[in-house]
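Since the structure comes first, as structure tokens, the remarks are kept for the end.
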């Protein structure tokens, strides 16, 4: 499992080909984001459309959770 920081997720949203290729090599099923990273995106959403895009996109990444 690879925990992605906020900057990696931002680059995925920007369609950065280098980051996307590296994520494909690792396997999207092996990527995770923390609850903190998810919260940063929800807090930073500018409007409802952006919030919906974030929720849809983040659902493909495993939430590592805090147990």
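Set side by side, the residues 22, 55 differ, and just one is surrounded by 11 or more Cβ atoms within 10 Å (Cβ to Cβ), at pLDDT 90 or above and either over 18 Å from residue 7 (Cβ atoms) or out of contact with any strand residue (DSSP E or B) (no Cβ under 9 Å at 6 or more places or on another chain) (or both), which is 22.
Look at segment 11-39: where a residue is touching a residue at least 40 places away in the same chain (Cβ under 8 Å) and on the phi < 0 side of the Ramachandran plot and a partner is surrounded by 13 or more Cβ atoms within 10 Å (Cβ to Cβ) and assigned to a helix (DSSP H, G or I), sitting 6+ places away or on another chain with Cβ atoms under 9 Å, you get 12/19; 12/20; 12/23; 12/57; 13/41; 13/53; 13/54; 13/57.
Exactly one residue among 11, 50 is at pLDDT 70 or above, buried (at least 16 other Cβ atoms within 10 Å of the Cβ) and out of contact with any strand residue (DSSP E or B) (no Cβ under 8 Å at 6 or more places or on another chain), and that residue is 11.
The values are calculated or read from the model by the stated rules, or taken from the named source; none is laboratory data. Predicted model, so just to flag it, every value in this text is computed and none were measured. Quick reminder, even Gly has a Cβ in these numbers, built from the backbone with ideal geometry, and neighbours come from all protein chains shown.
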